[in-house]
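Presented below is the structure to which this report refers.
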Amino acid sequence: MTIYDTIIDLFEYRDNNLYWKVTNKGRGDISKPAGNINKGYRRIRINGKQYRAHRLIYLMFNEQWDITDTSQDNSIDHADNDKLNNSIDNLRVATHSQQQANRGEQKNNTSGGSNVYWHEAAGKWCVQVRMNKEPHSGGLFVNKEDAIAKAIQLRNELHGEFAHHG
């Protein structure tokens, strides 16, 4: 039996979550989403192995997708950046680089704009956006708002549909 067959047998998809079809030893309440939340993701244990729910849901709707392929080119991304929004319409295959592009603003950001920082030596705001681990310069700006606008433009050019501005 494949993992696809197993999830079809064990779960039903509703309200953007997986629910156990029947209660069984320790599986808890079938009226609540299966699994637990850990590090922001809903995780479900099947036959002693833990899976992220969004990967199971994606597989449920895309039988040919290989859940066992954990390469950086076979990740599932939440388009809206909400790790608990497991709507099938919110899930998409992404490379590691595309997932990095879809990250929100970093907690240590002090400029107020992603990919914008103060360049001390130049005395100006600097724009730098990464794509596939390579830095792409957007230039230096006197005005922070101009730098933020350039960062948005550069992210759109480099990251396309995966560009995240918040």
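A few remarks follow.
- Selection status of Asn62, in the same structural domain as Thr23 (by TED's automatic domain parsing), of a type outside the set (A, V, I, L, M, F, W, C), under 21 Å from Arg14 (Cα atoms) and touching an Asp or Glu at 6+ places or on another chain (Cβ under 6 Å): no
- Considered as a group, the residues in the stretch 136-162 that are among the acidic types (Asp, Glu) and more than 26 Å from the chain's Cα centre (by Cα) include one that is surrounded by the most Cβ atoms within 10 Å (Cβ to Cβ), and that residue is Asp146.
- Residues (surrounded by 13 or more Cβ atoms within 10 Å (Cβ to Cβ) and out of contact with any Lys or Arg (no Cβ under 8 Å at 6 or more places or on another chain)) located in the stretch 104-117: Glu105, Asn109, Tyr117
- Taking (1) without any contact (Cβ under 8 Å) to a residue 24 or more places away in the chain; (2) within 24 Å of Met1 (Cβ to Cβ); (3) in contact with a strand residue (DSSP E or B) (Cβ under 8 Å, 6 or more places away or on another chain) in turn, Trp65 satisfies each apart from (1).
- Pick from the stretch 106-154, criterion among the β-branched types (Val, Ile, Thr) and not in a strand (DSSP E or B), ranking: modelled with the lowest pLDDT: Thr110
- Of the set (1) touching a residue at least 24 places away in the same chain (Cβ under 8 Å); (2) on the phi < 0 side of the Ramachandran plot; (3) in a loop (DSSP other than H, G, I, E, B), all apply to Asn81 but (2).
- Qualifying positions in the stretch 73-94 - at pLDDT below 85 and surrounded by 14 or more Cβ atoms within 10 Å (Cβ to Cβ): Asn74
- With respect to the conditions (1) loosely packed, with under 13 Cβ neighbours inside 10 Å; (2) within 15 Å of His78 (Cα to Cα); (3) of a type in the set (A, V, I, L, M, F, W, C), Ile57 lacks only one, and its number is (1).
The values are calculated or read from the model by the stated rules, or taken from the named source; none is laboratory data. Note that the structure is predicted; figures quoted are calculated from it, not measured. For neighbour counting, all protein chains shown are included, and Cβ atoms are generated from backbone atoms with ideal geometry for every residue, glycine included.
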